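See below for the structure under consideration.
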Amino acid sequence: MSSKASALGAGSSFQAAQSISPRRAAINAATKAPTEGAPPPVELSVSLISLNPANPRSELGDLTDLAGSLRDHGQKAAISIMSRFTYLEANPRREDELEEGTKYVVIDGNSRLAAAREAGLTKIKVMLDEDLGSNPDEILESALVANIHRQDLDHLDEARALQQLLAVHGTQEALAARLHRSQGWVSQRLALLGLTPELKKKLASGEEPADLLRLVGRKKPEEQDQHLQQLKEKRAQEKADKQAGAKTRKRNSADGEVSAASRSARTPSSAPDPDGRTPVGGDDHYGVMNPAVSASNSQDSGRTGAVPDPRSASATNPPQVQMPWADGVATMDIIFSKVLEHERHRMIGRYLELLGGPEAFVAELVAASTPEYRQQVAELLLENQ
């Protein structure tokens, strides 16, 4: 029986360049066939490859820059394709949607294939992988994972693909495990599908940020605009507070340097005077006379009694620390250093209560941390359930 590739008329050199799938690697291991030294990607005519009609990306967008890069700098990564025959085995109803005369279908690299055509290139580097999926959902999953790793998929396209895969895997937890992501990551992206049409348009155009709209999407349609405005105002206030805090720290630092220089200029020299005594106000603490000098002075004067403390009232009764309430970072540094370790969990718990609920906490966390940090937090929380 001839192979699928030979039935389609592919040359033997291209067949040799196929990537080794886990299934084939297991067969090779059992039969002692070599599994190392797989050939590098090969070039194939762009006219032989069809765009994927089921690609997660609904629109390819402006390919001018990508086309220019491919033309001027060359192709850095091969696209992944499967044979037309195998694709139609998994998607029998899509035959009319494939480009006429093609023998392969791109799974990962739709944009690069389209850009190569726009740039006038005749060939493109490819890797053939017949194990990218045996049904529509598996093929969609392969394409979605590739786009997720590049992080360049449109937010709504990503959410729609996740929703389709959710119907296959049943739960967000199962889908998250399949994609090697957290359940929170899946939930946040699916929330975008609950946005009103107006907010979806603003998301697509970049007018509104995706991280805030993921929080808004869980609200009722009539509440979404107001909630988004509240989140934006909160973020703007936090940004202003942060800038004010930075200015305060800078000003305090400058004032401290000036004050130190002023105190240094006012401090008398501690060099001994001609009769060998150290003047009061020298380098001894707070300008207190040393005991030897005090005793000598007392004997010389013939007077008795305690030596008066020359320190000022402010030195003996230091002022209370003034909390830098306009600087959240400095304030937290002070609080964290003063609160006992076993009391910190109570302090954090009370802070969460004052925020007024999990949504407010999430909004705070989003505004104060990076996506990578929030993902780590979500994964740790799920591990401890």
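The HN-Hα couplings worked out from phi for segment 161-166 by the Karplus form 6.51 cos²θ - 1.76 cosθ + 1.60 (θ = phi - 60°) are 5, 5, 5, 5, 6, 4 Hz, whole numbers, x standing for Gly and Pro. Each label point was placed 7 Å from the Cα along the Cα-to-Cβ direction; for His180 and Glu43 their separation is 3.2 nm. Just to verify a number: FRET efficiency for Leu193 and Glu100, C-beta to C-beta distance, R0 = 35 Å, to 0.05? Here the calculated transfer efficiency is 0.50.
Rounded, prolate or oblate: which one fits segment 327-367, using the alpha carbon gyration tensor with axes a ≥ b ≥ c (rounded when a/c is under 1.5, else prolate when a/b beats b/c, else oblate)? Verdict is oblate for segment 327-367.
With a Förster radius of 41 Å applied to the beta-carbon distance between Ala360 and Asp137, the computed FRET efficiency rounds to 0.65. With both labels modelled 7 Å from their Cα along Cα-to-Cβ, the Gln226 to Ala77 distance reads 4.4 nm. Full extension of the chain between Ser369 and Met347 yields a length gain of 5.9 nm, computed as 0.36 nm times the residue separation minus the alpha carbon distance.
A Förster radius of 25 Å, combined with the Cβ-Cβ distance separating Lys202 from Gln237, puts the computed FRET efficiency at roughly 0.70. Modelled label positions at Met323 and Arg251, each set 7 Å beyond Cα in the direction of Cβ, lie 2.0 nm from each other.
A short reminder: the numbers here are calculations on the coordinates, not readings from a lab. Since the structure is predicted, the reported quantities are computational estimates derived from the model, not experimental observations. Positions of Cβ are generated from backbone atoms using ideal geometry, with glycine treated the same way; all protein chains shown enter the neighbour counts.
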